[in-house]
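Visitor: Sharing a structure here in structure tokens format.
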Amino acid sequence: MAASPKCEVRTNPVTKRLARNFDGLFPGRDLVQEPHLIVTVALQTQHRQSAMSDEMLTERQECFKVLMERMTRVKAHFDGKDQWCDFIDPATGAPFHTDSATTLVECDERYRSLGFEILELGCCRSLCNERFGQCLVMTSAFMCCSEDDLAAVLPLLEGR
């Protein structure tokens, strides 16, 4: 992946209904009490993620690195402002900074509530969205901030 992949960032304010979907993901954290946002970052890939190949797996690992770098920078930004933020490790589905027995893997049904589609392909499940189809790798971040606070880190999330 020579050039930075195309990116789609989506923001979802956490409602009571949405918070119920993610109950237990961040033990001790009340996602409803204070305003929280869920931000998904999807990177476009050259290869469909349902078509297993060495090229797809290599590209997937490269995208994981890009996502981890971006999310780590966003987390550092919010840490510097003393605002809570954590993100999902795209390789494992586990919260990266929170000790949790709950995971949010890429094909988890809960991603439907964030605007993604989960395809049942018989052999496997595949995450897709309207813009990239099955050609995407993504992760999500949960943050206790306003949309204005988030605007400051959008360039980091988008890779600008």
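The values are calculated or read from the model by the stated rules, or taken from the named source; none is laboratory data. Values in this document were obtained by computation on a predicted structure and should not be read as measured data. Cβ atoms come from the backbone with ideal geometry, glycine included; neighbour counts cover every protein chain shown.
Visitor: Would you check if there is a residue in segment 83-100 being modelled with pLDDT of 90 or more, more than 27 Å from GLY24 (Cα to Cα), over 12 Å from the mean Cα position of the chain (by Cα) and not in a loop (DSSP other than H, G, I, E, B)?
Guide: no
Yes/no matrix, rows are residues, columns are (1) touching a Leu at 6+ places or on another chain (Cβ under 8 Å); (2) part of a loop (DSSP other than H, G, I, E, B); (3) buried (at least 16 other Cβ atoms within 10 Å of the Cβ):
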| residue | (1), (2), (3) |
| --- | --- |
| ARG20 | no, no, no |
| PHE26 | no, yes, yes |
| PRO35 | no, yes, no |
| LEU43 | yes, no, yes |
| ALA51 | no, yes, no |
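Visitor: OK, next. Being acidic (Asp, Glu) and not in a loop (DSSP other than H, G, I, E, B) is the filter; apply it to segment 101-129 and report the residue that is modelled with the lowest pLDDT.
Guide: That would be GLU120.
Visitor: Sticking with this one: Using the structure shown, decide if PHE64 is touching a Pro at 6+ places or on another chain (Cβ under 6 Å) and either surrounded by fewer than 16 Cβ atoms within 10 Å (Cβ to Cβ) or within 14 Å of THR139 (Cβ to Cβ) (or both).
Guide: Considered against the rule, which asks whether it is touching a Pro at 6+ places or on another chain (Cβ under 6 Å) and either surrounded by fewer than 16 Cβ atoms within 10 Å (Cβ to Cβ) or within 14 Å of THR139 (Cβ to Cβ) (or both), PHE64 comes out as yes.
Visitor: Just for segment 130-160: of the residues that are assigned to a strand (DSSP E or B) and of a type in the set (Val, Ile, Thr), which one is nearest to VAL9 (Cα to Cα)?
Guide: THR139
Visitor: Additional query: Could you check segment 53-65 and list, in sequence order, the residues that are touching a His at 6+ places or on another chain (Cβ under 7 Å) and either among the acidic types (Asp, Glu) or assigned to a helix (DSSP H, G or I) (or both)?
Guide: Answer for segment 53-65, where residues must be touching a His at 6+ places or on another chain (Cβ under 7 Å) and either among the acidic types (Asp, Glu) or assigned to a helix (DSSP H, G or I) (or both): GLU55, MET56, GLU59.
Visitor: If you take the residues in segment 110-143 that are in contact (Cβ under 8 Å) with a residue 40 or more places away in the chain and of a type in the set (Gly, Ala, Ser), which one is farthest from ASP23 (Cα to Cα)?
Guide: GLY133
Visitor: Applying the selection to segment 130-148, what residues are modelled with pLDDT under 95, surrounded by 14 or more Cβ atoms within 10 Å (Cβ to Cβ) and not hydrophobic (A, V, I, L, M, F, W, C)?
Guide: Across segment 130-148, the qualifying residues are GLY133, GLN134.
Visitor: From the set of residues in segment 114-129 that are in contact with a Lys or Arg (Cβ under 8 Å, 6 or more places away or on another chain) and of a type in the set (Gly, Ala, Ser), which is surrounded by the fewest Cβ atoms within 10 Å (Cβ to Cβ)?
Guide: GLY115
Visitor: Could you tell me how many of the residues in segment 9-18 are hydrophobic (A, V, I, L, M, F, W, C) and in a helix (DSSP H, G or I)?
Guide: Number satisfying all stated conditions: 1.
Visitor: Hey, another quick one. Hey, can you tell me all the residues within segment 147-156 that are more than 12 Å from PHE78 (Cβ to Cβ) and touching a residue at least 24 places away in the same chain (Cβ under 8 Å)?
Guide: GLU147, LEU154
Visitor: Going by the structure shown, is THR72 of a type in the set (Val, Ile, Thr), under 22 Å from VAL153 (Cβ atoms) and at pLDDT below 95?
Guide: No: the conditions fail for THR72.
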